[in-house]
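Peer 1: Before I ask anything, let me first share the structure, which is written out below as structure tokens.
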Amino acid sequence: MKTNSFISALECPKCGSAHDFRTQAHLCGCGSPLLAVYDLEAAKKTVTKESIARRKADLWRYKELLPVLDEDNIVTLGEGMTPLLPLPRAGKAIGVEGLLIKDEGVIPTGTFKARGAAVGVSKAKELGAAVLAMPTNGNAGAAWAAYAAKAGIAMSIAMPLGAPPICRTECAAYGAELRLVDGLISDCGKLVAEDVSRLGHYDASTLKEPYRIEGKKTMGYEIAEQLGWRLPDVIIYPTGGGVGLIGIHKALAEMRALGLAEGDPPRLVAVQAEGCAPIVRAFEEGREESEFWEGANTVAFGINVPKALGDFLVLRALRETGGAAEAVSDDEILRAMSALAATEGQFVCPEGAAAFAAAGKLREKGWIREGETVALLNTGAGIKYPGVLGG
Ligand SMILES: *Cc1c(COP(=O)(O)O)cnc(C)c1O
Ligand SMILES: [Zn+2]
């Protein structure tokens, strides 16, 4: 059965050129990631709040706005429609009474990387990819390995030695070929690039295929739908490669064109760790791109990305929405993790804790105003990182 996807092209956000979505596509000739474009005018006639509301509680409820054309190619482990919960005690403690958390810790593989993997692997399957390859800080590799296993597609992964051990175990269990690298994710990326050109693997690196972002954008759709198609004032996102933030920004634009969401778009906030904050620095210096961050190091491994391919898209999203970029220390992250667990029963991942820490700092500065609704993305389950709090 057809999904009735309204995808109409792949477009380069840098040079504006259009690319075919019916064949395997990676970067634009100009080096930029490609973004999927949909015929939203046509979609508007069939995609309504009511039609969406009748569907199963997973991210495929937005299938017309996802790139997979045939339902037979959908590879699913039940991802999406994660809870959006109020944090009354934690919110009160930092002066943000309208604090919400989107809890991605309950999704398959324990992190929101499952969203990108579900849509990315499904589309790779539809395009006939034989072997998928990617560098990863751990969670993306684990998620893609899981969905590749489900799809019956081979997966080759390069991961830093310092990545959380659980992700190694997961990749191995899912049957992926795993290489451990004494270096950063950027070093892993070089190995994968070699394999892609030498062996013809399908390059599934962050933003080097256009569909992972489509999976992650569904967080934006869900937040809106769960608030009755109203939007929060602020969305705070722990930013590594920035895919989720770019995706949420894209979802906001699509929802506006579709007439789904009301009100001003939320101000988007990118949070990084003080030990690796290339996007925060670029934002503060008014630059359009970030510079490689030397000596990147933080307890929040998922956001330990010294230079992101899509940095210019993240910076654009922050500026277009009147957003902000904020760095938090590892100390603040660990304290935020303990506080959320003790006051809300939420054992968030260090990255999610970084978002909570940033909310406190932005409220203190007055950037978050009294009475505003603020949604934090908790991008993964704290129980994936049992050593972090010293237990
Ligand atoms: C990958 C990851 C992030 C960062 O995601 P991007 O979309 O690449 O910025 C944040 N938190 C966790 C737990 C992650 O695994
Ligand atoms: Zn281009």
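Peer 1: With 17 Å as the cut-off, how large is the P(r) tail for segment 107-235, expressed as percent of Cα-Cα pairs?
Peer 2: 56 percent
Peer 1: Return the carbon/sulfur percentage of the accessible area of the chain, one whole number, probe 1.4 Å, all protein chains in place.
Peer 2: 52 percent
Peer 1: With springs connecting C-alpha atoms under 10 Å apart, model the chain as a Gaussian network and identify which of ALA270, ALA53, ALA118 has the largest mean-square fluctuation.
Peer 2: Fluctuation is largest for ALA53.
Peer 1: Between LEU389 and ASP182, what is the label-point separation in nm under the 7 Å Cα-to-beta-carbon projection?
Peer 2: The answer from the label model is 3.5 nm.
Peer 1: Could you tell me what fraction of 2.2 N^0.38 Å the Cα radius of gyration of segment 47-150 comes to, as a two-decimal ratio?
Peer 2: 1.28
Peer 1: For the chain, would you read off the P(r) tail past 37 Å as a percentage of all alpha carbon pairs?
Peer 2: Working: 9903 of 76245 pairs.
It works out to 13 percent of all Cα pairs.
Peer 1: Kindly provide the Kirkwood hydrodynamic radius of segment 243-391 in Å, to one decimal, from all pairs of distinct alpha carbon atoms.
Peer 2: 16.0 Å
Peer 1: Just reorder LYS250, LYS123, LYS56 by solvent-accessible area, largest first, 1.4 Å probe, all chains present.
Peer 2: Solvent-accessible surface, decreasing: LYS56, LYS250, LYS123.
Peer 1: Where does segment 341-391 land on Rg/Rh, using Cα atoms and the Kirkwood Rh?
Peer 2: 1.04
Peer 1: Given segment 249-326, report the % of alpha carbon pairs whose separation exceeds 21 Å.
Peer 2: 33 percent
Peer 1: Here's another thing I want to ask about it. With the chain treated as a Gaussian network of Cα nodes joined by springs under 10 Å, which of ARG198, ARG267, ARG319 yields the largest mean-square fluctuation?
Peer 2: Result: ARG198 has the largest fluctuation of those listed.
Peer 1: So which GluC sites (Glu not before Pro) in segment 36-132 end up in coil per DSSP with only 16 or fewer other C-beta atoms within 10 Å?
Peer 2: Counting only loop positions with at most 16 other Cβ atoms within 10 Å, the GluC sites (Glu not before Pro) in segment 36-132 are GLU97.
Peer 1: Rolling a 1.4 Å sphere over the protein heavy atoms, what is the accessible area per residue of the chain, to the nearest Å²? Let's see the in-between values first.
Peer 2: Details: 14650 Å² over 391 residues.
Accessible surface, normalised per residue, equals 37 Å².
Peer 1: To the nearest 20 Debye, how big is the dipole of segment 287-363 about its Cα centre, given +1 on the beta carbon of each Lys and Arg and -1 on that of each Asp and Glu?
Peer 2: Here segment 287-363 has a charge dipole of around 200 debye.
Peer 1: Is there a pair in LYS63/LYS113; LYS102/LYS361; LYS44/LYS307; LYS45/LYS125 whose C-alpha atoms are over 26 Å apart, and which pairs would that be?
Peer 2: Working: LYS63/LYS113 18 Å; LYS102/LYS361 19 Å; LYS44/LYS307 37 Å; LYS45/LYS125 29 Å.
Beyond 26 Å between Cα atoms: LYS44/LYS307; LYS45/LYS125.
Peer 1: About its Cα centre, how strong a charge dipole does segment 227-363 have in debye, to the nearest 20, once Lys and Arg get +1 and Asp and Glu get -1 at the Cβ? Could you put the intermediate results ahead of the total?
Peer 2: Values: 12 positive and 19 negative charges, 67 e Å.
About 320 debye.
Peer 1: Right, something else. What are the radius of gyration and Dmax of segment 20-102, computed over its Cα atoms and given in Å?
Peer 2: Spelled out, the Cα radius of gyration and Dmax of segment 20-102 are 18.4, 51 Å.
Peer 1: Specify which residue in the list PHE292, ALA140, VAL106 is farthest towards the positive end of the charge dipole of the chain, using unit charges on the beta carbon of Lys, Arg (+1) and Asp, Glu (-1), about the Cα centre.
Peer 2: The listed residue farthest towards the positive side: VAL106.
Peer 1: Next question, about the same structure. Which residue, SER32, SER51, SER290, tops the fluctuation ranking in a GNM of the chain built on C-alpha contacts under 10 Å?
Peer 2: Highest fluctuation among the options: SER51.
Peer 1: With θ taken as phi - 60° and the coefficients 6.51, -1.76 and 1.60, list the Karplus ³J(HN,Hα) couplings across segment 366-375 in order, rounded to whole Hz; mark glycine and proline as x.
Peer 2: x, 6, 8, 9, 3, x, 7, 8, 10, 9
Peer 1: Count the DSSP beta bridges whose two residues both fall in the chain, then state the antiparallel fraction as a percent rounded to the nearest 5.
Peer 2: Expressed as a percentage, antiparallel bridges in the chain total about 30.
Peer 1: Still on this structure, please answer the following. Magnitude of the Cβ-charge dipole of segment 24-124, K/R +1 and D/E -1, about the Cα centre, nearest 20 debye?
Peer 2: With Lys and Arg at +1 and Asp and Glu at -1, about 320 debye.
Peer 1: Using square roots of five times the C-alpha gyration tensor eigenvalues, list the equivalent-ellipsoid semi-axes of segment 179-220 in whole Å, biggest first.
Peer 2: 23, 14, 6
Peer 1: Test of understanding: what is the full-extension gain from CYS15 to ARG55, defined as 0.36 nm times their sequence separation minus their Cα-Cα distance?
Peer 2: Length gained, CYS15 through ARG55: 10.7 nm.
The values are calculated or read from the model by the stated rules, or taken from the named source; none is laboratory data. Bear in mind that the values here come from a model prediction, so they are computed numbers and not experimental data. We place every Cβ from the backbone using ideal geometry, glycine too, and count neighbours over all the protein chains shown. Remember, those area values only see protein heavy atoms, side chains included, never the ligands or the DNA or RNA. Shrake-Rupley method; radii C 1.70, N 1.55, O 1.52, S 1.80 Å.
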